[in-house]
Amino acid sequence: MNLGKLGQALTAREIFDLIQDELDQVEKKITHESVASVDAVTAIGQYLQSAGGKRLRPSLLLLSAKLAGHAGSCAIHLGAVVEMIHAATLVHDDVIDAAQTRRGRASTNVKWGNHTCVLAGDWLYMQAFQIALRERNFHILELLIGLTQMMVEGELIQLERIGRMDVTEADCMELVDRKTACLFSVCAKLGALAGGADTRTQEGLAEYAWNLGMAFQLVDDVLDFTAREKTLGKPVGGDLREGKVTLPLVYALERATAAEHCLVETILRRRDYDEVPFTRILTLIEQYRGIQRVRTRAQAFTDKARRIIGEFPDSSYQRALLALIELVTERDH
């Protein structure tokens, strides 16, 4: 076995062992709260939960809560809230993208249809807010409402840019912030809040997690071009096939020839790789160092996250949050 992968697996085990009991309670909470009076909504919730996933967002929240002091019932409930919000975004994303697979199996829109899935995603959002409301804390609700607005606006902005070649680096970074980093940031801040941390600690953990989220999404954008389909759990090159020009391609297009621009335009117009093979686009991106440049950008965010969390007092939870950076950036899916 590759020693790097072995080391990463052991680190992951150590991270999640610290919060395993709390994560189990989060899972039970999600199971309980995902039961609706409409069978289809319950079935979709169960289908999403059974797919597994990294549970990175509730883990980030729980580790932040423990770093701050303790992960009690409030942290458990909020862990379920952020995972349900994340699940709602996945359901809506798959409808918008007309996705066929998610985590190696049929996406919810394929199994239940677009209309049902849009409403099920709405229900998951509202149920998450219902759980949060029980905490009777306006600051928690304020954070979650602001987060949801940011994420929805991100989806709308992305829709406006579908099929466009004039996407800039700044455009890409805005979407990375709105679609991923802001959720990571709020997860850590909610955890710190639930753990009884002061404002300075909350802000520090939020900034750490924002940088982690930026790196996470940039790595995702790279993996969409470089991962194996079986490992990724969905078709590689899916973003471009859906009309999305992400940062690796933006960097490559800055140096590409007019003929190479035409290749990308063909895929954006046709929404398939029948005329221009995916391997041709991957070669183009690698030729102009698009992958390397994005990895360098991701590294800058992980370095910042590492510096921020390194300023916190040493503890098993501080070290876990430090190790989480490597887990996020060195993953293959």
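The values are calculated or read from the model by the stated rules, or taken from the named source; none is laboratory data. None of the values given here were measured: they were computed from a predicted structure. In this analysis, Cβ positions are derived from the backbone assuming ideal geometry, glycine residues included, and neighbour counts consider all displayed protein chains.
What the table shows:
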quantity: Hits in segment 296-331 (condition: farther than 13 Å from L218 by Cα and either among the charged types (D, E, K, R) or in contact with a His (Cβ under 9 Å, 6 or more places away or on another chain) (or both)); calculated: D303, K304, R306, R307, E311, D314, R319, E326
quantity: Helices (runs of 4 or more DSSP H) fully within segment 120-237 counting 1 or more residues that are in contact with a strand residue (DSSP E or B) (Cβ under 6 Å, 6 or more places away or on another chain) and of a type in the set (K, R); calculated: none
quantity: Within segment 18-40, considering residues that are touching a helix residue (DSSP H, G or I) at 6+ places or on another chain (Cβ under 7 Å) and charged (D, E, K, R), the one surrounded by the fewest Cβ atoms within 10 Å (Cβ to Cβ); calculated: E33
quantity: K54 being under 26 Å from A120 (Cα atoms), within 18 Å of the chain's Cα centre (by Cα) and of a type outside the set (D, E); calculated: yes
quantity: Count - residues of segment 63-97 that are of a type in the set (A, V, I, L, M, F, W, C) and either in contact with a Cys (Cβ under 9 Å, 6 or more places away or on another chain) or over 20 Å from T180 (Cα atoms) (or both); calculated: 11
quantity: Residue match in segment 204-220 (condition: among the acidic types (D, E) and closer than 17 Å to V245 by Cβ); calculated: yes
quantity: I145 being buried (at least 16 other Cβ atoms within 10 Å of the Cβ), on the phi < 0 side of the Ramachandran plot and not basic (K, R); calculated: no
quantity: Filtered residue count, segment 250-260, keeping only those that are surrounded by 14 or more Cβ atoms within 10 Å (Cβ to Cβ) and not hydrophobic (A, V, I, L, M, F, W, C); calculated: 2
quantity: So A320, is it without any contact (Cβ under 8 Å) to a residue 24 or more places away in the chain, outside any loop (DSSP other than H, G, I, E, B) and among the small types (G, A, S); calculated: no
quantity: Filter result for A43 (small (G, A, S), at negative phi and surrounded by 22 or more Cβ atoms within 10 Å (Cβ to Cβ)); calculated: no
quantity: Answer from R280, R255, R293 - the residue that is modelled with pLDDT of 95 or more, in a helix (DSSP H, G or I), of a type outside the set (V, I, T) and within 17 Å of T168 (Cβ to Cβ); calculated: R293
quantity: Qualifying residues in segment 81-105 (those that are of a type in the set (A, V, I, L, M) and touching a helix residue (DSSP H, G or I) at 6+ places or on another chain (Cβ under 6 Å)) - the one surrounded by the fewest Cβ atoms within 10 Å (Cβ to Cβ); calculated: V95
quantity: Enumerated helices (runs of 4 or more DSSP H) restricted to segment 1-118, each holding at least 3 residues that are at pLDDT below 90 and in contact with a Leu (Cβ under 8 Å, 6 or more places away or on another chain); calculated: 3-17
quantity: Residue that is nearest to G195 (Cα to Cα) [pool: residues in segment 148-183 that are exposed (fewer than 13 other Cβ atoms within 10 Å of the Cβ) and acidic (D, E)]; calculated: E160
quantity: Answer residue from segment 220-252, given it is modelled with pLDDT under 95 and among the hydroxyl-bearing types (S, T, Y) and is nearest to Q158 (Cα to Cα) among those; calculated: T226
